[in-house]
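Trainee: Structure provided below as structure tokens; questions to follow.
The values are calculated or read from the model by the stated rules, or taken from the named source; none is laboratory data. As the structure is a computational prediction, the values presented were derived from the model and not from experiment. Glycine also receives a Cβ, built like all others from the backbone with ideal geometry; neighbour counts cover every protein chain displayed.
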Amino acid sequence: MTPNPPGNTFGRLLSLYAAMWRNSVTREMSFKANFLLWIVVELLWFALQLAFMSVLYSHTDSIAGWSKWEVVLLVGCSNFLQQLFTAFFLTNLTDISEHIRTGRLDFMLLLPVNTRFLVSLRKVDLGAYINAACAVAVMVYAAHRLHLHPTALQLAGFAVLCAAGLTLHYSLMFLLSGIAFWTVRAQGIVYGYYNLFNIARLPDAAFPRGAFKAVFTFVLPMLVVSNVPTKVLAARLESPWELALLLGMAALWYGLSEAFWRYSLRHYTSASS
């Protein structure tokens, strides 16, 4: 099978996404207790991360030159990106292997809409938006404690870099999800990558040069996704190459994920074959 041909207009895709959003709201409100409980669990996990940093800074004034409130700003940024990723993509990407195994992908390929768009954004996790808002509140408070007054240019740069970080995470996990075309089930690989998000809440300068830092900077760039946007807000950016690295990695991995998706679809023989 071949990928759907291009030609879907932005307005049509936006209307489709609005319909999927309404469907997600209906589904979430059917299980209100689960919806609220998951929000509480995520907030508790976020609080534990902040508490862990407080314990560390009760024994030191800085980590690799980062003060306590700079690290709180970093943790807030990391959680903000993680929650946005969860809101838009996590459930959808973990469902790809089930679409392939059960044959639902066959039906999606027949629809007059870009299949990648459909499998990537079909469901919305509404609770993650609330948790993302809490992360923003923590970032605002940390910025206040640091006496930061970011300019409009800094805020715009932060937004662009966050979008690049989301694109990078999405592209890598979408590529890993595509392994299900060959293995049928790939949830373990996808969730394994998702668990690596915790590395993003640590200052990149805290890691010594070596294989670990190289891998998580250039291969699985967890140390880039949150650190670079935070450095822009905190005026800690050491080189414009860090900006270029994040933007370049986002474009590179998106292109690779698209190429792998198209290759996989060309070799897909449907669940009934």
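Trainee: Quick test for you: out of ALA235, ALA206, pick the one residue that is at positive phi and in contact (Cβ under 8 Å) with a residue 24 or more places away in the chain. Quick ask: steps written out before the conclusion?
Mentor: Numbers: ALA206 fails: at positive phi.
It is ALA235.
Trainee: In the range 141-151, is there at least one residue being surrounded by 22 or more Cβ atoms within 10 Å (Cβ to Cβ) and under 20 Å from the mean Cα position of the chain (by Cα)?
Mentor: No.
Trainee: Name the helices (runs of 4 or more DSSP H) wholly inside the range 62-181 in which the number of residues that are among the basic types (Lys, Arg) and in contact (Cβ under 8 Å) with a residue 40 or more places away in the chain is 1 or more.
Mentor: On the way: elements: 68-85, 91-102, 104-110, 115-121, 126-145, 152-177.
Once the helices (runs of 4 or more DSSP H) in the range 62-181 are filtered for at least 1 residues that are among the basic types (Lys, Arg) and in contact (Cβ under 8 Å) with a residue 40 or more places away in the chain, what remains is 91-102, 115-121, 126-145.
Trainee: Further, regarding this structure: Give all pairs with beta carbons closer than 6 Å in which a residue from the range 245-258 that is hydroxyl-bearing (Ser, Thr, Tyr) meets a residue that is surrounded by 14 or more Cβ atoms within 10 Å (Cβ to Cβ); count only pairs at least 6 apart in sequence or on separate chains.
Mentor: TYR254/THR167; TYR254/SER171; SER257/SER171; SER257/PHE174; SER257/LEU175
Trainee: I'm told LEU84 meets every condition in (1) more than 23 Å from the chain's Cα centre (by Cα); (2) buried (at least 17 other Cβ atoms within 10 Å of the Cβ) except one. Can you identify the failing condition by its number?
Mentor: With (1) more than 23 Å from the chain's Cα centre (by Cα); (2) buried (at least 17 other Cβ atoms within 10 Å of the Cβ) applied to LEU84, the lone miss is (1).
Trainee: Something else: Where in the range 205-250 are the helices (runs of 4 or more DSSP H), entirely inside, with at least 1 residues that are buried (at least 18 other Cβ atoms within 10 Å of the Cβ)?
Mentor: Here the list reads 222-225, 227-234.
Trainee: I need a count of the residues in the range 222-273 that are closer than 22 Å to ALA211 by Cβ and touching a Pro at 6+ places or on another chain (Cβ under 9 Å).
Mentor: Number of matching residues: 6.
Trainee: Let me ask something else. Go through the range 1-30 and count every residue that is hydroxyl-bearing (Ser, Thr, Tyr), closer than 15 Å to LEU121 by Cα and modelled with pLDDT under 80.
Mentor: 1
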